[in-house]
Every structure is written in structure tokens, then in C-alpha cells.
Amino acid sequence: MMKKLFVADTPKMIGKVVELYGWVASKRDHKKVVFIDLRDRSGVVQVIGDEKLKELSQEDVVYVKGLIKERPKNLINSKLKTGTIEIEAQKVVILSKAKPLPIPIEGDGYQIDEEVRLKYRYLDLRRERLKNNLFFRYQFIKEIRHFMDAKGFIEIETPILTKATPEGARDFIVPSRLQKGKFYALPQSPQQYKQLLMLSGFEKYFQIARCFRDEDPRADRAYGEFTQLDVEKSFTSQEEIQGLIEELLVMVIKKVFPKKKFLKVPFPKISYQEALEKYQSDRPDIRQSQEDDVLAFCWVIDFPLFEWKEQEKRWDATHHPFTSPKKEDLPFLEKGEYEKIRADQYDLVLNGFEVGGGSIRITDPKLQAKIFEIMGHTKEQVEEKFGHLLEAFSYGVPPHGGIALGLDRLLQVILNEKSVREAIAFPASSGGKTSVMDAPSSVDEEQLRELGIERKKVKR
């Protein structure tokens with residue numbers, strides 16, 4: 001039995017009869033001789049034949065058995081990796097006929113309405129640009145795992161069904177069938193779980209984590225769900241976490257995107273105040289010119305711990321409520337001068353986009369409870385929402401800190417894409433609809449009754 005090849009392997013098999021499977025990317029009928037371009041995930045190769053190829057049409061799925069031959073020198077196609085060879089077809093079988101496509105898949109596709117592209121995302125993903133984006137994403141995450149493993153970190157999965165807690169964005173909630181009237185929440189991040197893992201003694205944790213936030217979509221933010229590299233380490237410092245992430249990104253980007261250049265390594269550190277004064281933004285683009293292949297990473301540090309919410313007349317955490325204040329600023333906490341307290345926080349910015357954020361965490365249960373109270377939570381609310389964490393801290397907790405990198409946005413910037421959705425296989429649209437599946441959708445009354453939920457009519 002012959003071994004099935006990928007198209008990309010064919011130039012190494014000159015003179016051999018091989019079997020290939022793929023899609024008909026194009027067809028050129030010259031009456032006595034017919035040419036097709038056969039495409040699989042690895043590339044495109046030219047197949048030459050006679051009557052066997054005449055029945056084929058674009059995007060048919062086919063099996064081809066044929067002899068690999070060198071092309072004459074004057075017919076070599078230097079634009080193709082397989083341009084030095086062609087396949088002389090001996091047998092062709094149509095495995096699946098394709099109707100005319102509702103969208104073209106040649107070219108970059110930017111001119112096509114995004115809602116239409118997402119409706120037919122399974123076709124859109126046949127496009128060379130998007131296929132390459134997803135291969136780069138796969139390689140990027142694979143190299144992250146290799147790096148973290150070599151540094152002694154262990155990957156641990158944390159729950160998707162969890163508890164609703166105020167962490168800065170709206171939760172997606174999931175009704176419980178077994179405990180009617182109660183709800184799970186999808187995690188905005190694994191924040192509390194990774195801190196509990198430090199308390200459990202794992203010391204070095206990471207996860208390629210799925211996170212869920214009911215936030216308004218933007219070009220640089222996917223609606224609903226996103227993927228982040230989540231990292232936590234015990235007995236660490238801000239400088240150590242920053243050094244780890246710099247080493248990771250330099251190594252992985254050089255391996256996956258060797259043509260990219262770094263503006264500065266180590267990454268510059270800019271205070272929050274300096275960023276606002278010099279760049280009028282806490283996400284500064286420090287490039288002198290807008291060169292596409294230059295990656296200008298920088299750290300923004302010394303953020304204020306709190307920000308005043310005028311509409312709600314209360315203080316809120318600038319980052320999240322588990323961020324530790326700078327030790328030297330703790331006296332301001334006792335005096336109630338909250339605007340003067342700086343956070344032990346660090347954001348990673350790339351070419352003007354925030355691609356990561358982290359902090360050293362609070363491990364003193366009394367300090368953590370105080371932060372919650374400053375944010376407007378009553379003692380009863382703190383106990384209800386965070387009592388499990390505060391109790392855990394009473395059993396011996398190591399100092400720890402960490403960071404999360406938004407992989408979708410990070411890849412969007414590296415790939416020079418205008419929208420984060422171009423770096424995701426099946427993103428939600430800008431209107432919040434899940435591509436292809438047309439979600440959210442209605443559920444029947446029987447399922448709602450089983451969950452103890454009654455639907456009310458909303459006046460429009």
C-alpha cells in the first residue's frame with residue numbers, strides 16, 4: 001500500500017508513483033491536456049492529465065494517483081514550492097462534488113463583508129492568508145509549551161464552570177439544573193484558581209486558558225471568549241516575571257517569525273505617569289516610524305492601585321482586586337489617601353496594543369479584605385464571594401505573582417492584521433454572533449422548565 005503524501009512532500013519524490021488527496025484549487029482545460037492545481041493544507045501542486053480531469057470543477061475533493069515528474073526548465077513556476085515538478089495523473093476519483101462557492105476564496109478576502117465571511121468561515125479558512133495565520137498560531141503555542149516546560153512550569157487546567165465574582169467585566173452565567181435557581185459563571189480568567197495552586201505548593205504553573213467576558217467587541221478584542229497564556233510563580237518578583245516573559249517572547253518569535261525585528265531587548269520600562277505625559281496613553285507605541293516588521297515591546301509599570309468611578313461614587317481596582325499595593329505605599333492605605341497608592345503591577349505593550357498584564361498578588365487575608373471593602377463590598381458580600389480564598393490564605397500561602405498574555409491580540413499585532421478575528425479560527429462577529437453556528441439562539445420551553453427558568457416578554 002502506498003503512503004499518502006502531503007503536497008509539500010512531492011518535490012522530494014521525483015520518479016515515484018504517489019497518492020494525493022485534496023481540493024481542486026483551479027482547472028485549465030486545453031482540450032487534449034487538462035491541468036489542475038491540487039491543494040491540501042501543505043500547499044498546491046500541478047496535476048496534468050486528459051479525460052480523467054475533465055469532469056473536475058473548483059473545490060471538488062479528489063483522490064489522485066500519479067507519477068511525479070520534473071518540469072522542463074522553461075516551465076518551472078518559481079512562485080510555488082512545488083513549482084519544479086508536476087504530477088502525471090494515472091487515476092483520479094471524485095470523493096465529493098462541490099457546488100459553486102458563495103464567496104471567493106482567492107486573495108486576502110478583506111473586500112468581502114465580514115458577516116458573510118464568518119457565515120461561511122469553513123470556506124474562508126481555505127484562504128491562504130487565514131490558513132497561514134492558524135498555522136502560525138499553532139506553532140506559536142507549541143513553542144510556548146516547550147519553553148515553559150524547559151523552565152520547570154507545569155500546565156494545569158482549571159474549571160470552566162465556576163463562580164460569579166466581580167473582576168472587572170460582565171460574567172457569562174450558566175444555569176444549574178441540579179441546583180435550580182443558582183448559576184455558574186464562565187471564568188473571566190483563572191485568577192483565583194492559579195493563586196490557589198500556588199497555595200497548594202505547585203510553585204510554577206501555566207495554562208493556555210480559555211477566558212470569557214461579556215464585553216463590547218472591538219477590532220482588537222474578540223467578543224465573548226479569548227485565549228491567554230496564564231502564568232503564576234511562587235517566591236518571585238516583578239523583575240523575575242518580566243525577565244521570564246521577555247526571554248519567552250524573544251525565543252518564540254525568533255523561531256516562528258524569524259523576519260521580525262525587536263526594537264529593544266530588554267524591553268524598556270516606562271512608568272504609568274511617563275506614558276501619559278510623553279505618549280498620552282498607557283499603551284504607548286514607542287516606535288519612531290511605523291515599520292511593519294519591527295516589534296516594539298515595552299513594560300508600563302507603577303500604575304495607580306485604585307481608580308475613582310465618578311458615576312458609581314466609589315473606588316475600583318485599576319487592574320484587579322488581587323493586585324498588591326507597593327509596600328512603600330501601604331501607609332497611604334491607612335490614611336485613606338487611596339489615589340496615592342501605586343500597584344505592584346506591570347502591563348506589556350506591543351506597538352501601541354496592550355498584550356499582557358500581571359502583578360504581584362495580595363497574600364495577607366486582612367489586606368485583601370480591606371481592598372474589597374474600599375471597592376464598596378460589605379463584609380457580608382466579601383465573605384459570600386471571596387470567603388473561600390480568604391480562608392485558604394489562612395493555611396500558609398507563599399508570596400507569588402504572575403501574568404497573562406492575550407494570545408489572540410498578540411498574534412494579531414505580530415501578523416499585522418487589522419482585526420483580532422483574523423487570528424482566530426471561529427470568532428464571534430462584531431455583533432456578537434458566533435460564526436457559522438448562528439448563536440446565540442432560542443431554547444425550547446421544556447429545557448427552560450427543567451432549569452427552573454421562566455421567560456418573560458421584553459417590551460421593545
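With the largest listed first and rounded to whole Å, the semi-axes of the equivalent ellipsoid of the chain from the Cα gyration tensor are 50, 28, 20. Of the residues 173, 154, the one with the largest accessible area comes first in the ranking 173, 154, computed with a 1.4 Å probe on protein heavy atoms.
Be a star and scan region 196-229 for residues whose amide nitrogen sits under 17 Å from the point 7 Å along the Cα-to-Cβ vector of residue 116. Output list for this probe position: empty. Taking only the C-alpha atoms of region 316-401, Rg followed by Dmax gives 13.9, 43 Å. Dividing the summed helix terms, -39500 (n - 2.57) for each DSSP H run of n ≥ 4, by the number of residues in the chain produces a 222 nm estimate of -7500 deg cm²/dmol to the nearest 500.
Solvent-accessible surface (1.4 Å probe) assigned to residue 230 amounts to roughly 0 Å². Using the Cβ-Cβ distance between residue 97 and residue 446 with R0 = 41 Å, the FRET efficiency computed as 1/(1 + (r/R0)^6) comes to roughly 0.55.
If you line up the long axis of helix 238-256 against the longest principal axis of the chain, both from Cα atoms, how many degrees apart are they, to the nearest 10? On a 0 to 90 degree scale, this one is about 0.
Put the Cα centre of region 213-244 next to the Cα centre of region 81-129 and the gap is 35 Å.
Solvent-accessible surface of region 328-373, averaged per residue with a 1.4 angstrom probe and all protein chains in place: 40 square angstrom. Derived value for region 56-111: Kirkwood hydrodynamic radius 13.9 Å. Basis is the mean of 1/r over every pair of different alpha-carbon atoms.
Modelled spin labels at residue 456 and residue 125, positioned 7 Å past Cα toward Cβ, are 4.0 nm from each other. Computed extension gain for residue 4 through residue 255, at 0.36 nm per residue and net of the alpha carbon distance, reaches 87.5 nm. Evaluated with a Cβ-only charge set (Lys, Arg +1; Asp, Glu -1), region 161-311 carries a dipole of roughly 660 debye about its Cα centre, given to the nearest 20.
3J(HN,Hα) along region 427-437: x, 6, 6, 5, x, x, 8, 6, 4, 6, 7 Hz, from the Karplus curve 6.51 cos²θ - 1.76 cosθ + 1.60 with θ = phi - 60°, whole Hz, x for Gly and Pro.
Accessible surface for region 232-317, divided over its residues, is 55 Å² per residue with a 1.4 Å probe. Residue separation of residue 418 and residue 438 scaled by 0.36 nm, minus their Cα-Cα distance, works out to 4.8 nm of gained length. The candidates 148, 437, arranged from most to least accessible area with a 1.4 Å probe in the full protein assembly, appear as 437, 148.
Strictly over 31 Å apart at the Cα level, which of 259/418; 259/433; 204/366; 182/335 would you flag in this model? Long pairs (Cα-Cα over 31 Å): 259/433; 182/335. Counting only protein heavy atoms, what percent of the accessible surface of the chain is carbon or sulfur at a 1.4 Å probe? Result for the chain: 52 percent of the exposed heavy-atom area is carbon or sulfur. Taking all protein chains as they are arranged and a probe of 1.4 Å, the heavy atoms of residue 112 leave approximately 30 Å² accessible to solvent. The simple Förster model, with R0 at 35 Å and r as the Cβ-Cβ distance, assigns residue 335 and residue 214 a FRET efficiency of 0.45. When we measure straight from the Cα of residue 97, which aspartates and glutamates land under 15 angstrom away, once same-chain ones fewer than 8 places off are left out? The reachable aspartates and glutamates, counting only those whose Cα sits under 15 Å from residue 97, are 55, 59, 60. Rg then Dmax, both in Å and based on the Cα atoms of region 154-276: 17.9, 55. The amide H of residue 428, built 1.01 Å from its N in the peptide plane, has 223, 435 as neighbours under 5 Å, considering only residues 5 or more places off or on other chains. Protection proxy ranking for 347-357, 251-261, using the average of other Cβ atoms within 10 Å per residue and placing the highest first: 347-357, 251-261. Computed on protein heavy atoms with a 1.4 Å probe, the accessible areas place 279, 21, 122, 395 in the order 395, 122, 21, 279, largest first. Taking amide H as placed 1.01 Å from N in the peptide plane, the amide H of residue 98 sits under 5 Å from that of 60, 61, each at least 5 places away or on another chain. The heavy atoms of residue 116 offer some 60 square angstrom of accessible surface to a 1.4 angstrom probe. Backbone amide hydrogens, once placed in the peptide plane, bring residue 269 within less than 5 Å of 299, excluding anything fewer than 5 places away on its chain. Which FRET efficiency value, to the nearest 0.05, is calculated for residue 30 and residue 293 with the Förster distance at 41 angstrom and r the Cβ-Cβ distance? It comes to 0.50. Its alpha carbons give region 288-431 an Rg and a Dmax of 18.5, 53 Å. Averaged per residue, region 1-158 has 58 square angstrom of accessible surface, using a 1.4 angstrom probe with ligands and nucleic acids left out.
Extension gain for residue 84 to residue 426 (0.36 nm times residue separation, less C-alpha to C-alpha distance): 119.6 nm. The residues packed around residue 387, meaning those with a beta-carbon under 13 Å from its beta-carbon, carry a net charge of -1 if Lys and Arg are +1 and Asp and Glu are -1.
Rounded to two decimals, what is Rg over Rh for region 207-310 when you use alpha-carbon atoms and the Kirkwood radius? Reported Rg/Rh (Cα atoms, Kirkwood Rh): 0.98.
The values are calculated or read from the model by the stated rules, or taken from the named source; none is laboratory data. Every value quoted in this text rests on a predicted model; they were computed, and no experiment measured them. As a convention, Cβ positions derive from the backbone with ideal geometry for all residues, glycine included, and neighbour counts pool all protein chains shown. Accessible surface is based on the protein model in full, side chains and every heavy atom, while ligands, DNA and RNA are left aside. Shrake-Rupley method; radii C 1.70, N 1.55, O 1.52, S 1.80 Å.
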